[in-house]
Amino acid sequence: PRVCVVGSGPAGFYTAQHILKHHGGAQVDIYEKLPVPFGLVRFGVAPDHPEVKNVTNSFTQTARSERCAYYGNVTVGRDVTVPELQQAYHAVVLSYGAEDNRVLGIPGESLPGVHSARAFVGWYNGLPENRHLKPDLSCETALILGHGNVALDIARILLAPLPLLRKTDITAGSLAALACSKVKRVWLVGRRGPLQVAFTIKELREMINLPGTRPVLSPADFTGLENAIKDAPRPRKRLTELMIKTALEKPVEKPVEVQAAAPREWGLKFQRSPQEVLPSADGTRVRGVRMALTRLEGSGDSAKAIPTGDVEDLECGLVLSSIGYRSLPLDPAVPFDAQRGVIPNTSGRVEGVPGLYCSGWVKRGPTGVIITTMNDSFDTAQSVLEDLQVGTLDVSSSREGFGAVESILRSRGVRPVSFSDWEKIDAAEVARGKAAGKPREKIVDPQEMLQLIGH
């Protein structure tokens, strides 16, 4: 059987891995829009979390398998259509993730100084499409809308001591910009309360312990919460206890010179929903966000934030909206639920289109960590294997696989990038990084990547 996977992030690689491991004859081809593989592992994971990126070692083993091939620099839906892939392969798995962000839908959202978290993370992580972002870091206060791990990542990158960042694979351009940053206060604002935050304890602890930075949590937000979490699941309980402890702890009296050395701070604000981004007097940039104060109806994860009618203006010069990612439809031939931003499916089988599958964020929505995506991708791969076993996928007719796709691409002037091409780019990045004392210096311009491999 010839199987094609669209997208080379964790979802794509884990799907390929599972199929190759459990079917001794399957051939899997992975297509990727960018010249370089690994998706959000490369472009989403924070630069100071190198251990999370170790999964690329097992992805590399998969890509080097003689039954697996990687074709980068190929945009499915443009360079080759999904129906064309369906002609060439017995099964097609869409694992292309969530390449857009949810919008706030409020006045002033397009003012200079307002960015999506997705673009900001892409900027410091070297995602080619975000390389020209020029966030204005000349203000003292930044406001992040959202209470998830991405919001904490951004706050940490904005406030982290430079020596800490210099040892990471953060891009040279963003490091230079952060070196001149005036930002010393970051507020993370959410519509709901402390019991509904979406970040995890590991990320929170890391933020609390960030050198040269102090947490500012209002004790009023946490009083009486000890009782509310008595019966909460253990992770939620521990997370809330850490926030309570941080909020209620008396700051240790430090010598004056130590206090002077820790001018940076961050804090959590709750039950505030953005209503409008406020422009500066001359209308050229952001000066704050008007927040509707909310009250909670219901409890736990299902609690809803209802506006009380009161508002509050929060001053800031930079707004980063971290309210979630969104998948986009790839090809008219593929069903897409625009409301939920996913491909309608059952266990990864795309509804109404036999032989078409999906895994990862485009299958279940943009939630969870790499391990969530791994399990989800194994689930889809299992569906493919079952359909091969019971004959739902007809393997009696031979399919040409990449042979058929190659002639289509050639006729359209598209040159794919192989995995060994990527390994040349990888080696160049590692060499440049070594010279700068970093694990790698990412190349952010796709043209430069292609020149490097003689394309």
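The values are calculated or read from the model by the stated rules, or taken from the named source; none is laboratory data. Quantities reported herein were computed from a predicted structural model and do not represent experimental measurements. Glycine gets a Cβ as well: all are built from the backbone with ideal geometry, and neighbour counts include every protein chain shown. Side chains included, ligands, DNA and RNA excluded: accessible areas come from the protein's heavy atoms. Shrake-Rupley method; radii C 1.70, N 1.55, O 1.52, S 1.80 Å.
Working only within segment 356-367, note down all residues that are assigned to a loop (DSSP other than H, G, I, E, B) and more than 10 Å from the chain's Cα centre (by Cα). If the condition is that a residue be assigned to a loop (DSSP other than H, G, I, E, B) and more than 10 Å from the chain's Cα centre (by Cα), then Ser359, Gly360, Gly365 are the ones that fit. Among the candidates Asp379, Asp387, the residue that is in a helix (DSSP H, G or I) and open to solvent by 20 Å² or more (accessible area, probe 1.4 Å) is uniquely Asp379. Here segment 286-303 is the region considered, the condition is being within 27 Å of the chain's Cα centre (by Cα) and modelled with pLDDT under 95, and the residue that is surrounded by the fewest Cβ atoms within 10 Å (Cβ to Cβ) is Ser302.
For segment 188-197, check the following and say yes or no: at least one residue is in contact with an Asp or Glu (Cβ under 6 Å, 6 or more places away or on another chain), at pLDDT 95 or above, more than 23 Å from Ile443 (Cβ to Cβ) and charged (D, E, K, R). No, because not a single residue in segment 188-197 is in contact with an Asp or Glu (Cβ under 6 Å, 6 or more places away or on another chain), at pLDDT 95 or above, more than 23 Å from Ile443 (Cβ to Cβ) and charged (D, E, K, R). Only residues that are surrounded by fewer than 17 Cβ atoms within 10 Å (Cβ to Cβ) and not charged (D, E, K, R) were counted in segment 178-194, giving 2. Screening the candidates Arg412, Arg326, Arg399, Arg349 for the property of being in contact (Cβ under 8 Å) with a residue 24 or more places away in the chain, exposed (fewer than 13 other Cβ atoms within 10 Å of the Cβ) and of a type in the set (D, E, K, R) yields one hit, Arg412. Of everything in segment 245-285 that is out of contact with any strand residue (DSSP E or B) (no Cβ under 6 Å at 6 or more places or on another chain) and under 13 Å from Val319 (Cβ atoms), the residue that is modelled with the highest pLDDT is Pro279.
Number of residues in segment 216-228 that are more than 23 Å from Lys184 (Cα to Cα), assigned to a loop (DSSP other than H, G, I, E, B) and at pLDDT 90 or above equals 1. With respect to being in a helix (DSSP H, G or I), closer than 30 Å to Pro163 by Cβ and either in contact with a helix residue (DSSP H, G or I) (Cβ under 8 Å, 6 or more places away or on another chain) or of a type outside the set (Ser, Thr, Tyr) (or both), Lys424 falls outside the description.
Condition first: open to solvent by 20 Å² or more (accessible area, probe 1.4 Å), touching a residue at least 24 places away in the same chain (Cβ under 8 Å) and out of contact with any strand residue (DSSP E or B) (no Cβ under 9 Å at 6 or more places or on another chain). Now tell me which residues in segment 86-126 satisfy that. Scanning segment 86-126 gives a single hit, Gln87. Within segment 15-51, the residues that satisfy the criterion of being farther than 27 Å from Val405 by Cα and open to solvent by 50 Å² or more (accessible area, probe 1.4 Å) are Pro50, Glu51. Restrict the check to segment 56-73 and report whether at least one residue is under 30 Å from Leu159 (Cβ atoms) and not hydroxyl-bearing (Ser, Thr, Tyr). No. On the given criteria, is Leu158 on the phi < 0 side of the Ramachandran plot, buried (at least 23 other Cβ atoms within 10 Å of the Cβ) and assigned by the TED database to the domain that holds Gly267? Considered against the rule, which asks whether it is on the phi < 0 side of the Ramachandran plot, buried (at least 23 other Cβ atoms within 10 Å of the Cβ) and assigned by the TED database to the domain that holds Gly267, Leu158 comes out as yes.
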